[in-house]
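Structure, as structure tokens:
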Amino acid sequence: MDARFDGRTVLVAGLGVSGRAAAQVLADRGAHVVTFDDRAPEADHHDVAALVAERLGGADLVVASPGMPPHHPLLAAAREHDVPVWSEVELAWQVRVPRDGGDGEPAPWLAVTGTNGKTTTVGMLESILRAAGRRVLAVGNVGTPVVLAAVDPEVEVLAVELSSFQLHHTFSMSPQAAAVLNVAPDHLDWHGSLEAYARDKGRIYERTRVACVYSASDPVTEQLVRDADVEDGAVAVGFTLGTPSVGQLGLVDDVLVDRGFARLRHTHAAELGTLADLAQLAGPAGVVPPHVVRNALAAAALALAHGVEAVHVRDGLRAFAPGAHRIVTVGHLDGVAYVDDSKATNAHAASASLAAFGEGSVVWVAGGLAKGAAFDELVRTRRDRLRAVVLIGVDRAPLRDALARHAPDVPVIEVVAGETEPVMTRAVQEARRLAAGAPAGVPVTVLLAPASASMDQFASYAARGDAFAAAVRALGADGVSPRDDGPEAGS
């Protein structure tokens, strides 16, 4: 029993997966748990105004859902009344238990955030640690709630995926190693500005004990490391697609190499693996995309910070299986490939997806909830890939306007949901028609890479990808159904 919570009133705000887990762990530790959710019937409170008027039900602590923005009335009331607000991640750090039920240290955390690539990197990291024989669990933003893993004494190390939402109310976490993969405009409606979004990403580096991993090609991530207050002895380790300097991991020809942790790093680079070890993640042309290589290098750096050997990096990368809805070919029809990258929920991810294809080869299915983002840079830099565009979603204007400004000669069709026909069915039908106009012998791909969130018309990005695959199969294509990959969450 954790005496800090025994008899205390804790308000759990939001009964999603993480909120329910937090409520369970708090109740197990003797807390008086009250719950708020304006959509969950089983919540104790549904009316935020009434709860605020009651001074948050007398709460001593609020554990907030990651989807609840800082300006939410409930959180504003908590600040007004000096009631602490924690994320589920902060709660998890506070309730950690020793490994193997003893009196030793709890499982260390290897933490990952970034606008894109978090889930893939954490999956690679988990695979590497398993290859090294560690009892590891991938947790966080998509997967097992961190708070449940933190109280499991059987877990030896945690690979933790964290969104900016989760980091905003996290204050005491001290990871063994942490990485910010990249920072690009996203969720500006939640954070209010790109600067605030980047600051929340940078919180992952605070109190890091061994290594802060950053992208050498992204000056924002490097500055976040410089600004962080880390534990004595923690080092900065960059990753790059070029030849690495001392203190970096990188690529020499087709070999992934380490000059960040290797014993002879001042004079030699240690081999970790090759691009052939990532062959299962190659794009349509059989080439491993650059962002996949960056993810692999980041995962390797985190694993090396934990003390694994180079051979385990190689074996773990070879064993890693790509997740659903990430550049997955779901069917072929009339010589056209249909590719699901529904996980590309922002402009940065969609740009990386489009970059995997040849010039003029893509009929792009895009759109959804823009989350306050702009798309000018995306369209300007990837216009050469576009044969045509099919726009879906309730928030089509930002993409439509960017296409008009920077790709005025690219045909654009807008699709709205009909009374009897699902929006994705109509979108795929239009995409098929546009793809059929390509000259003979020119390879064409219909690519779902929405650059937007899904919740305007679908339950999650996974549901959106599944709808795309189903619509493709309904046309008579040969293909496979993507696996369910869980709910969409913040980045």
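The values are calculated or read from the model by the stated rules, or taken from the named source; none is laboratory data. What you are looking at is a predicted structure, and each value in this text was computed from that prediction instead of being measured. With ideal geometry, Cβ positions are generated from the backbone for all residues, glycine too; neighbour counts draw on all protein chains shown. For the accessible areas, the whole protein counts, side chains as well, though only heavy atoms, and no ligand, DNA or RNA atoms are used. Shrake-Rupley method; radii C 1.70, N 1.55, O 1.52, S 1.80 Å.
Quick rundown of the values:
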| quantity | calculated |
| --- | --- |
| Within the accessible area of the chain (1.4 Å probe), percent carbon and sulfur | 50 |
| Percent RCO, i.e. relative contact order, over the chain, from Cα pairs under 8 Å lying at least 6 residues apart | 12 |
| Mean ellipticity per residue at 222 nm, deg cm²/dmol - from DSSP H runs of n ≥ 4 across the chain, formula -39500 (n - 2.57) | -9000 deg cm²/dmol |
| 5 Å-binned pair-distance histogram of segment 24-93 (Cα, whole percent) | 3, 15, 27, 30, 18, 5, 0 |
| As computed over segment 1-131, the Cα convex hull volume per residue (Å³) | 137 |
| Longest DSSP-loop-exposure-free segment, GluC sites (Glu not before Pro), the chain, at most 10 other Cβ within 10 Å | 43-358 |
| Alpha-carbon Rg with Dmax, taken over the chain, Å | 23.1, 73 |
| Gyration tensor over alpha-carbon atoms, segment 51-203, equivalent ellipsoid semi-axes in Å | 28, 21, 10 |
| Those trypsin sites (Lys or Arg not before Pro) in segment 25-125 that DSSP places in a loop and that have at most 10 other beta carbons within 10 Å | 39 |
